[in-house]
Every structure is written in C-alpha cells, then in structure tokens.
1. What is the percent carbon and sulfur in the accessible area of segment 2-83, measuring with a 1.4 Å probe over the protein chains and ignoring ligands?
2. For E226, list long-range residues whose amide hydrogen, built 1.01 Å from N in the peptide plane, is under 5 Å from its own amide hydrogen.
3. For R68 and S120, compute 0.36 nm times the residue count separating them, minus their Cα-Cα distance, and round to one decimal in nm.
4. At a Förster distance of 25 Å, what's the computed FRET efficiency of W132 paired with N249, Cβ-Cβ distance as r, to 0.05?
5. Angle check, please: helix 213-222 long axis (alpha carbons) against the longest principal axis of the chain (alpha carbons), in degrees 0 to 90, nearest 10.
6. In µm²/s, what is D for segment 150-254 at 37 °C and 0.692 mPa s, where D = kT/(6 pi eta Rh) by Stokes-Einstein and Rh is the Kirkwood radius from Cα pairs?
7. Tell me the label-point distance for the pair A162, W2, using the 7 Å Cα-to-Cβ offset, in nm and rounded to one decimal.
8. Assuming 1.002 mPa s and 20 °C, estimate D for segment 69-179 with Stokes-Einstein, Rh taken as the Kirkwood radius over Cα pairs, in µm²/s.
Amino acid sequence: LWLSCYRWDMMRPNRAFIGFDNYQRMLQDDRFWNATQNTLAYVLMSVPASIVLGFFAALLLNSNLRGRAVFRTAFFAPVVTSTVALSMVWSWIYHPELGLLNGMLDTVGAAGIGWLREPSIALLSIAIMSIWKNVGFVMVIFLAGLQQIPRDLYGAAQVDGAGTVQVQRDVTLPMLRPTLFFVVVTSTIDATQVFTQIDVMTQGGPAQSTEVMVYYLYFRAFRSFEMGYASTIAWALFFVVIILTLVQNRFIRR
C-alpha cells in the first residue's frame, strides 16, 4: 500500500511520492481492464467446470467401484505434478503441426486449430488445461466431505421414496455446504492468481488475449520495473478476490 503511492523503477534509490496518481492511472489503463476482463472470464470458464467434474468424480469414487485406489491416484496425480512441466506437455498437445489434438482432427479430416495462437480460443485452451489439473484437488476435498455424511440419512431418504437425483439434491448437497464453500472460494482465489500456465504457454498473447491480472502485475513489476504501479494492480487484485468471495458466501448461504 505504501509503495502504491510512489513512483519507483527499482533502478533508482529515490522514490517519488505521487499520492493516488497510480490509482488514477490504473482506472484509465485499457490494458489493466483487459487483464481484469480476462481474469474474470478465466474464473468463469475454469472454476464451475472444475467443481462440477470434481463433484461427480467424488460421487463415483465414493461408491463401491472396483479399482477405486487406482482412479483416485490417476485423478490426483496432476495436482502434485509441476505446473511448469504440465504446461510444457500441454503446449505440445496444442501444437498446431505436431500436437496430439490437431493430429486427432487430421485423422477425421477436420482442419487443425491454432489452440494457443487464435485470440478467440487461447484463454479457453489454458482453462481446459487448468480444469484437468485441478479436478483431482476438488475431488479429494469433496470425497472427504462425502465420507462424513451419515449413511442413515440416505437410508431414510430412500425409505421416503426419494430417487437418486432427489437424494443428491436434498441430502448430499445440503450436507456438503461447508465443503462446497471451501472449494468454491479456494478454487476462485487460485484461478484469479493464474500465472505459470500463461507464462509458459502464451506469455499473455496472442494480442494480450491471455494476459490476466497477475501476469500484467508481473509485467509491470519485473519487465517495466514499475514497482509502484505494480503494487496498485496488486491491491486491485485483492479487492477482486474479496468481492468474489463475498458474493460466493452470500450465494452458498442461500
């Protein structure tokens, strides 16, 4: 907060106090608003899909499925794998000439797609990779929550004639509300701070279509050496996270 009121390029020992000029500059910065829009779009693309897929994976692995331990390990493996390594692997998968996805499209006679080169789908491509990586974490948290639900509740619901969908809606989801709140909030915070995938796969391109708030903060701090302005962007990110958390809290409590 103190640095955000100064102009400091890290190369000079003296900092110039400029008050709230950095905040005024930020509000007029089209690139900042583009990064904010990309961040919110990424959150909307990645968080709901990760939660839904993780929830259904947890339901599946909470049942009497043969080989559950193998599936749990397979789902959770990407969570503990280096994000840099995964980003490099997915960069190859998305490669326009040598990539696995375009190779599959070519076998069916479809034209290849510039997954990371077309501004309209580059951010979605990164979100897909992030969903694949994060589903295992969401699954484990939901699985822990499911195992704490008393089995008697399910038996009582079935005696009352509730079907599978009704049981999940009226028993499972209400009992998982604290778990759901934790998953939604932590997943959202993680999504607003996405950086590694973008730095490795696109560097904010093409045409700044994947430049999110943290990457723009990094660019201003460690490429342009504008530490004061970067601190201002950090506070903007803080308020975005707080607002999203409060909205989610109100929605889940309902």
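The values are calculated or read from the model by the stated rules, or taken from the named source; none is laboratory data. All values derive from a computational prediction rather than experimental measurement. As a convention, Cβ positions derive from the backbone with ideal geometry for all residues, glycine included, and neighbour counts pool all protein chains shown. These area figures cover heavy atoms from the full protein model, side chains too; ligands, DNA and RNA do not enter into them. Shrake-Rupley method; radii C 1.70, N 1.55, O 1.52, S 1.80 Å.
1. With neighbouring chains kept in place, the figure for segment 2-83 is 64 percent.
2. A221
3. The span from R68 to S120 would gain 14.9 nm if fully extended.
4. For W132 and N249, the calculated efficiency is 0.35.
5. The answer is roughly 30 degrees.
6. Result for D is 195 µm²/s.
7. 5.5
8. In µm²/s, the coefficient rounds to 124.
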